[in-house]
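First the structure, in the form of structure tokens, and then the observations on it.
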Amino acid sequence: MDAIALRYNFGIPGRSMTCICGEVNTPDHSLICKRGGFLFIRHDTIRDTTARLLEKVAHGVETEPRLQPVGTRTLPPGANLKDGARSDIVARGFWSPLDNSYFDVWVLHPGALSNEKKTLEKMYSDQEDEKKRQYNSRIIEVEHGRFTPLVFSTTGGVGRECSFFLKKLGEKLSLKTNQTYPDTINFIRKRLRIELLRTCLIAICGHRGRFYDRDLQIDELDLNLIPDKNKI
């Protein structure tokens, strides 16, 4: 019911009208507010679902792989030079045999104020370019791998690079499972869109902050697992 209400811009009953940050808790605000950790939940859910799909068609799939130090190499402006930097996913043998492919996930919200004057295509391309600026040269020069930004939107769409990735994933998974390509790619897209919808609803309907006014003191807890007959 919440999904239908969100789709047709109906009010969602039982939702707080004021966010814990003090702003009016509109659906657009709920999907961009950093309080409550819902942005991380959405990102991590898409990352983990993508990694599980990759495990069926590639080798050595790992989430949050640590990148090697840049050392004395000179990389273009905007590149991530930090020691201990990580990408979201690494998989061997996806784009080409034996080579490592690195992926980084981003979920944008078209209703954010920063996207107000942009077309949807521009939103996707800007985020793809930013991810490439941060990671592409480092992964090519240091990791000797290939980098692909995976940009999703809260409405279920994907960027150009992500679209190519999903098609390739569908082809590989179709051959691996002996299923038709249309059925396979439909499964992949539906799975990711359901995860996006689920995490968006959690962000919109979830509670940011504490569910109680004060901590429950330890001496108020009944830790006796054996029922007290006198209290029954």
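Does E55 count as open to solvent by 70 Å² or more (accessible area, probe 1.4 Å), under 16 Å from E143 (Cα atoms) and without any contact (Cβ under 8 Å) to a residue 60 or more places away in the chain?
Answer is no for this residue.
If L175 satisfies all but one of (1) closer than 29 Å to C33 by Cβ; (2) open to solvent by 70 Å² or more (accessible area, probe 1.4 Å), what's the number of the condition it fails?
Looking at each condition in turn, L175 falls short on (1).
For residues that are open to solvent by less than 100 Å² (accessible area, probe 1.4 Å) and free of Cβ contacts under 8 Å to residues at least 40 places away in the same chain, scanning just region 72-90, find the one that is farthest from K168 (Cα to Cα).
G84
If you go through region 23-37, how many residues are of a type in the set (A, V, I, L, M, F, W, C) and touching a helix residue (DSSP H, G or I) at 6+ places or on another chain (Cβ under 6 Å)? Full working, then the answer.
Taking region 23-37 first, the residues of a type in the set (A, V, I, L, M, F, W, C) are 24, 31-33.
When the remaining residues are screened for being touching a helix residue (DSSP H, G or I) at 6+ places or on another chain (Cβ under 6 Å), the result is 31.
Residues in region 23-37 being of a type in the set (A, V, I, L, M, F, W, C) and touching a helix residue (DSSP H, G or I) at 6+ places or on another chain (Cβ under 6 Å): 1 in total.
Hey, can you tell me all the residues within region 126-163 that are open to solvent by less than 40 Å² (accessible area, probe 1.4 Å), in contact (Cβ under 8 Å) with a residue 12 or more places away in the chain and either part of a helix (DSSP H, G or I) or of a type in the set (D, E, K, R) (or both)?
E128, K131, Y135, S137, R138, I139, V142, E143, E161, C162
The values are calculated or read from the model by the stated rules, or taken from the named source; none is laboratory data. All values derive from a computational prediction rather than experimental measurement. All Cβ positions, even for glycine, are placed from backbone atoms using ideal geometry, and neighbour counts span all protein chains on display. Side chains are part of the model used for accessible areas, which takes the heavy atoms of the whole protein and leaves out ligands, DNA and RNA. Shrake-Rupley method; radii C 1.70, N 1.55, O 1.52, S 1.80 Å.
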